[in-house]
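The values are calculated or read from the model by the stated rules, or taken from the named source; none is laboratory data. All of these numbers come straight from a predicted model, not from anything done at the bench. No Cβ is skipped: glycine too gets one built from the backbone with ideal geometry, and neighbour counts run over all protein chains shown.
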Amino acid sequence: MEQHNPVFEKIPLSVTNPFSENLRRLAALFPSIVKDGQVDFDALKEELGEFEEVDKERYELTWAGKQEAKRTAGEPVIGRTLKYVPEESKDPESTENLYIEGDNLEVLKLLQNAYIGKIKMIYIDPPYNTGEDRLYKDTFNQTDDESAKGEGLIGEDGERFAINPKTSAKYHTKWLSMMYPRLRLARNLLSDDGVIFISISDIEVGNLREICDEIFGGDNFLANICHKARASVSNDKIISESHNHVLFYAKSELILYDIRHKIGLDPNLDGFSLLDEKGAYKLNPVDGPGGAKKGNPHYTFMGIDGYWRYSEEKMLEKYNNGEILVNKNSIQQKYYLEKAKNSRKTDTTWWDNNLLTSNATKDLINLLGRNCFDSPKNINLIIRMLISHTYFDKKALILDFFSGSSTTAHAVMQFNAEDGGNRKFIMVQYPEQLDETEKKVKENKAAIDFCDSLGVPRNICEIGKERIRRAGDKIQKEHPEASPDTGFNVFRLADTNIRWIAAETGQVSLEDALITSGKDLRDFMPGYTDKDVVYEILLRQYDIPLTAKIESLGEIGKRTYSVAGTLIVCLEESITNEIIDKIAAIEPVPHKIIFRDSAFADDITLKENTMMRLDALMQKHSSGGKTPYRVEFL
């Protein structure tokens, strides 16, 4: 008879541990290299075909602080969570879009479990490192704000940014150390056919290309797209810069190559004015583009000498089929409309005037009534990316973790309205305070006045959220027939709600828990809600998005919840046989059940007997034999 061994254990201390996750993936690929939880690097080399010592010197970009940046990417998040903010959300019950406030390094780590391999497209517009940009000052494992302030890591108001002047000896290294761990984490989130677009200027494009080649793989570099950003000319420079770069990488170039006919912009369908029995067509020259440089075969066909697209045999076959027409001095091929409709247009030069930054500024002023952002991204630029990569995936998930003015969210909603799509967005932005110093207050006056008019804190997140609200309302009015999802749920990076985790991380002492009156405040932190705890538990699960439906199971208890039909969170203060019986009867059998440790009143025998009863009932009620599940305790 099959033996079932249910798993009963404490919930993990950290939400996610990227290093452990990497080890798990290695073990799945090469089981022989992981021994007693450690990697046998000699065995790994053999799996990769390397049977001799490899020369330690190799081509790569390095800088002071690179190893620390790598460690930063892999350090687990402990004592942090995402707190749901329903009062700032729009259409919270129906939307599947997310707006997350917080340091994007921590947020990217917290999203790993839920969204690993789920993001179809990432677009980011990080600081260009002009010498005036405010860069993140990562605190790594630092959780004590007072200590961090004492070391100068953050300001008195919790500010985590610092100007990176060109005069600094670490001008480039600070920027690289800021970008490297974020890109490492972002790659994990991409689906196998996913892509990332990164806007950047000439200042760091070379360095960015180097670290992206390392993180995503040089073979997965697709293009350095140049787009027209300015129409005016600057007279104070040797040469006026009118473009920006967009580096374009794939998670897997091989996978994208197989679906390349689905990537790109809408084809040009003009000029198909000729007609035969096969349909509308136009004539295109058959001489190979670029001639011999492209490797096109050279020969004489029908008396005309040239470099041709096809072999001589193929040319003759097409001629006999009536697909190729020979004139006195040229040979042309019929190109049919139906074939053109199924093609996509791709190039690396996006030189349209509708991509200008000045147009984006005007559009944002019209929407918000003020010039709140310096150099916002043009919505048409991001829509072009969406058309290129998500045209055939109308349910694609889009991430922007430097969301700024929320142009990406606006673009997703607009594109959905235009093509009937149901794409979803995740915006991540640190609630950076608007600079009110004497030097910057005049520059930021419009943004400050805007926040004051709304009665909200003076930070970038408040402007970004309001932009989504107003853009969504405008899109709904303009496209009433489409009814796109223009809502979003707001989450905010916060300290843990679970007291024992707070004690482990030094946020509170264990003595505080002992003297706190009431079982709830012995288990949870002041100001928590049940939903806060449920979301914190959800972040520790795989493949359950933050938009998953949370249902109250009132028939079981006032504080028992089901998440996505696979996770049961029971926050009842005491566990009874009746509660156990009802949980065990749930169908289909949940993958995991969470109880409070305190619900068993430190009675080990009661806990063991209750779990034995639960297991017996779970297996009795489950159809198709023994069903694996886990039980964890808060």
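The table for this structure:
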| item | result |
| --- | --- |
| Per-region count, the stretch 599-634, residues in contact with a helix residue (DSSP H, G or I) (Cβ under 6 Å, 6 or more places away or on another chain), surrounded by fewer than 18 Cβ atoms within 10 Å (Cβ to Cβ) and modelled with pLDDT of 90 or more | 2 |
| Unmet criterion (only one of (1) of a type in the set (S, T, N, Q); (2) in contact with a Lys or Arg (Cβ under 8 Å, 6 or more places away or on another chain); (3) farther than 26 Å from Gly518 by Cβ) for Ser598 | (3) |
| Residue in the stretch 595-607 that is outside the structural domain of Tyr115 (by TED's automatic domain parsing) and closer than 30 Å to Leu397 by Cβ present | no |
| Matching entry among Glu555, Glu551, Glu587, Glu578 (being exposed (fewer than 14 other Cβ atoms within 10 Å of the Cβ) and either in the same structural domain as Gly117 (by TED's automatic domain parsing) or touching a strand residue (DSSP E or B) at 6+ places or on another chain (Cβ under 6 Å) (or both)) | Glu551 |
| Out of Asp473, Asp419, sole residue that is at pLDDT 95 or above, in the same structural domain as Asp103 (by TED's automatic domain parsing) and of a type in the set (Asp, Glu) | Asp473 |
| The lone exception for Thr390 - which of (1) β-branched (Val, Ile, Thr); (2) in contact (Cβ under 8 Å) with a residue 24 or more places away in the chain; (3) under 23 Å from Cys372 (Cβ atoms) it fails | (3) |
| The stretch 519-569, residues that are touching a residue at least 60 places away in the same chain (Cβ under 8 Å) and of a type in the set (A, V, I, L, M) | Val533, Ile537, Leu538, Leu539, Ile544, Leu546 |
| Flag if His227 is touching a Cys at 6+ places or on another chain (Cβ under 7 Å) and in contact (Cβ under 8 Å) with a residue 12 or more places away in the chain | no |
| Unique match (being touching a residue at least 12 places away in the same chain (Cβ under 8 Å) and part of a helix (DSSP H, G or I)) among Gly464, Gly421 | Gly464 |
| Candidate set from the stretch 106-125 (those that are of a type outside the set (Phe, Trp, Tyr) and out of contact with any strand residue (DSSP E or B) (no Cβ under 7 Å at 6 or more places or on another chain)); member that is surrounded by the most Cβ atoms within 10 Å (Cβ to Cβ) | Leu111 |
| Any hit, the stretch 181-195, residues being touching a Cys at 6+ places or on another chain (Cβ under 9 Å), surrounded by fewer than 17 Cβ atoms within 10 Å (Cβ to Cβ) and touching a residue at least 12 places away in the same chain (Cβ under 8 Å) | no |
| Enumerated strands (runs of 3 or more DSSP E) restricted to the stretch 287-349, each holding at least 1 residues that are modelled with pLDDT under 90, surrounded by fewer than 14 Cβ atoms within 10 Å (Cβ to Cβ) and acidic (Asp, Glu) | 304-307 |
| Residue in the stretch 477-494 that is in a helix (DSSP H, G or I), in contact (Cβ under 8 Å) with a residue 12 or more places away in the chain and under 21 Å from Lys83 (Cα atoms) present | no |
| Leading residue by the ranking (surrounded by the most Cβ atoms within 10 Å (Cβ to Cβ)) among those in the stretch 49-69 that are at pLDDT 75 or above and assigned to a loop (DSSP other than H, G, I, E, B) | Trp63 |
| Selection from the stretch 356-377 of residues that are under 27 Å from the mean Cα position of the chain (by Cα) and either outside any loop (DSSP other than H, G, I, E, B) or free of Cβ contacts under 8 Å to residues at least 40 places away in the same chain (or both) | Thr357, Asn359, Ala360, Thr361, Asp363, Leu364, Leu367, Leu368, Ser375, Pro376 |
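Let's see how each residue does on (1) among the aromatic types (Phe, Trp, Tyr); (2) surrounded by 15 or more Cβ atoms within 10 Å (Cβ to Cβ); (3) at pLDDT 95 or above:
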{"site": "Ile426", "(1), (2), (3)": "no, yes, yes"}
{"site": "Glu432", "(1), (2), (3)": "no, yes, no"}
{"site": "Glu443", "(1), (2), (3)": "no, no, no"}
{"site": "Gly464", "(1), (2), (3)": "no, yes, yes"}
{"site": "Leu493", "(1), (2), (3)": "no, yes, yes"}
{"site": "Thr496", "(1), (2), (3)": "no, yes, yes"}
{"site": "Ala503", "(1), (2), (3)": "no, yes, no"}
{"site": "Ala513", "(1), (2), (3)": "no, yes, no"}
